[in-house]
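These notes concern the structure reproduced below.
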Amino acid sequence: MNFLKKWLRWQLRYFASTLIPVGLIILFGMLAVSFWPAFAWGSTAIFAVIVFGVTFWLV
């Protein structure tokens, strides 16, 4: 049972530290292209750096 708890905790940590930030960056990029086409690349890059920074700080 202890192994299952550790494995599940590791899976949730992996999910929280990789898939959620990537999804947020893709979503922000899609919104940036829709609303600010001229600034989409730069704003998405800045957002990605911030999201990865916050992710590594939290996890």
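The values are calculated or read from the model by the stated rules, or taken from the named source; none is laboratory data. Note that the structure is a prediction, hence the values are computed from the model and not measured. For the accessible areas, the whole protein counts, side chains as well, though only heavy atoms, and no ligand, DNA or RNA atoms are used. Shrake-Rupley method; radii C 1.70, N 1.55, O 1.52, S 1.80 Å.
Details
- In sequence order, segment 40-52 has phi-based couplings of 5, 5, x, 5, 5, 5, 5, 4, 5, 4, 5, 5, 5 Hz under the Karplus curve 6.51 cos²θ - 1.76 cosθ + 1.60, θ = phi - 60°, and Gly or Pro positions carry x.
- Normalised by the number of residues in the chain, the average gap of Cα pairs under 8 Å and 6 or more apart makes the relative contact order 37 percent.
- Solvent-accessible area per residue, Å², over the chain with all protein chains present [probe radius 1.4 Å]: 87
- GNM top mover of SER43, SER17, SER34 - the chain, alpha-carbon springs below 10 Å: SER34
- Acute angle (nearest 10 degrees) that the helix 2-14 long axis makes with the longest principal axis of the chain, alpha-carbon atoms: 10
- With one equal scatterer per alpha carbon and no solvent term, the Debye-computed log10 I(q)/I(0) for the chain at 0.25 1/Å reads -0.93.
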